Amino acid sequence: MIDSYRCLQYFVRSYSRVRMTNNRVDPWRKHWTNKTPFWHKDEVNHFLFKHIDKLTEGKQGLKFFIPLCGKTIDMRWLYDLGHTVVGIECIQHGILEFFEEQSLEYIQEEGDSFTLFQTPDTRLQIYSGDLFKIPTKVLGKFNAIWDRGSLVAIDKEDRKLYAKLMKEVASESCKYLVSVLHYNQEKFAGPPRNVCKKELFKLFGDTFDIEEVDRLDRANIPMGAEKISLEEFWEVVYYLRYK
Ligand SMILES: C[S@@+](CC[C@H](N)C(=O)[O-])C[C@H]1O[C@@H](n2cnc3c(N)ncnc32)[C@H](O)[C@@H]1O
């Protein structure tokens, strides 16, 4: 009797673990089936293009991290500038589309919690897997981080974990640009989610100096899969540097 009770408990625990694991990734699959996801842009992100010197300080051959990369062409642009680029994307289909659309050859390698797709020169690497499951020691340290559509995409409950991860992979000279959205969360639940300035300081302020460097008024510009328009809606870029 006790044995079958334990067995049932074990089954329930394992099942909820599997559910939790899948729940982070599964909601994203629908965006990648037979269409280009609504957030994808055919040009280099305007903020990245404008503020690239803040990330590089004119240095060559840096190692860039693009968490939750989708198939952004920002990766191709940074690669063509001569940097090493590391992205993470949970939907493998998106990674394959990236290599195909960019006419880049890739080599595929299996790891414990991920599959790695990389160019033969290893300067462009995309890990396929859940960001929170890939050991940070596998990723190493980065000179620069570019986050567009990443912090605003993850579940609110994962934000602390996300900030911890970024602090782990940032080298002490790392420069970090994060593009977030400021809007009234009561009017739209997201994703993309509202990440207010206070929250950003709460998550990163112990480790980084944080400075607002740019903002764009996106009022009444449709957002998200639902194409919601909001009267107050800002796209804001913050610059983070180790204290
Ligand atoms: C809003 S998109 C942003 C993509 C990209 N940064 C851009 O600017 O085009 C978020 C991406 O992260 C992926 N994603 C969501 N949660 C993830 C996770 N836990 N680990 C890895 N990728 C994830 C989604 O499949 C999606 O492609």
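The values are calculated or read from the model by the stated rules, or taken from the named source; none is laboratory data. In this text the structure is predicted, and so the values were computed from the model without any measurement. Quick reminder, even Gly has a Cβ in these numbers, built from the backbone with ideal geometry, and neighbours come from all protein chains shown.
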Q: Enumerate the pairs (first residue in region 60-76 and closer than 15 Å to S171 by Cα and modelled with pLDDT of 95 or more; second residue anywhere and of a type in the set (A, V, I, L, M) and within 8 Å of the ligand (Cβ to nearest atom)) with beta-carbon separation below 9 Å, excluding pairs fewer than 6 apart on the same chain, so at least 6 apart or on different chains.
A: F65/I88; I66/I88
Q | Of all residues in region 152-194 being touching a Lys or Arg at 6+ places or on another chain (Cβ under 6 Å) and within 10 Å of the ligand (Cβ to nearest atom), the one that is nearest to E226 (Cα to Cα) | A | V152
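Hey, can you tell me all the residues within region 86-135 that are polar (S, T, N, Q) and either near the ligand (Cβ under 9 Å from one of its atoms) or touching a His at 6+ places or on another chain (Cβ under 6 Å) (or both)?
Answer for region 86-135, where residues must be polar (S, T, N, Q) and either near the ligand (Cβ under 9 Å from one of its atoms) or touching a His at 6+ places or on another chain (Cβ under 6 Å) (or both): just S128.
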(Q) List the strands (runs of 3 or more DSSP E) inside region 81-183, counting only whole elements, that have at least 2 residues being touching a Pro at 6+ places or on another chain (Cβ under 8 Å) and in contact (Cβ under 8 Å) with a residue 24 or more places away in the chain. (A) 84-89, 142-148
Q: Report yes if C90 is touching an Asp or Glu at 6+ places or on another chain (Cβ under 7 Å) and farther than 18 Å from K41 by Cα, otherwise no.
A: yes
Q. If you go through region 76-85, how many residues are away from the ligand (no atom under 14 Å from the Cβ) and touching a helix residue (DSSP H, G or I) at 6+ places or on another chain (Cβ under 6 Å)?
A. 0
Q) So which of N22, N34 is at pLDDT 50 or above, farther than 30 Å from V237 by Cα and not in a helix (DSSP H, G or I)? A) N34
Q) Is one or more of the residues making up region 206-221 of a type in the set (G, A, S) and in contact (Cβ under 8 Å) with a residue 40 or more places away in the chain? A) no
Q.
Can you tell me which condition I145 does not meet? The list is (1) surrounded by 13 or more Cβ atoms within 10 Å (Cβ to Cβ); (2) more than 28 Å from Y239 (Cα to Cα), and all the others hold.
A. (2)
Q. Is there a residue being touching a residue at least 60 places away in the same chain (Cβ under 8 Å) and over 14 Å from Y238 (Cβ atoms) anywhere in region 186-198?
A. yes
**Q.** Unique match (being among the aliphatic types (A, V, I, L, M) and under 26 Å from K30 (Cβ atoms)) among I210, I145, I154
**A.** I154
Q. Which number in (1) surrounded by fewer than 20 Cβ atoms within 10 Å (Cβ to Cβ); (2) on the phi < 0 side of the Ramachandran plot marks the one condition that G190 misses?
A. (2)
Q | Positions within region 180-239 being hydroxyl-bearing (S, T, Y) and closer than 29 Å to A170 by Cβ, in sequence order | A | Y183, T207, Y238, Y239
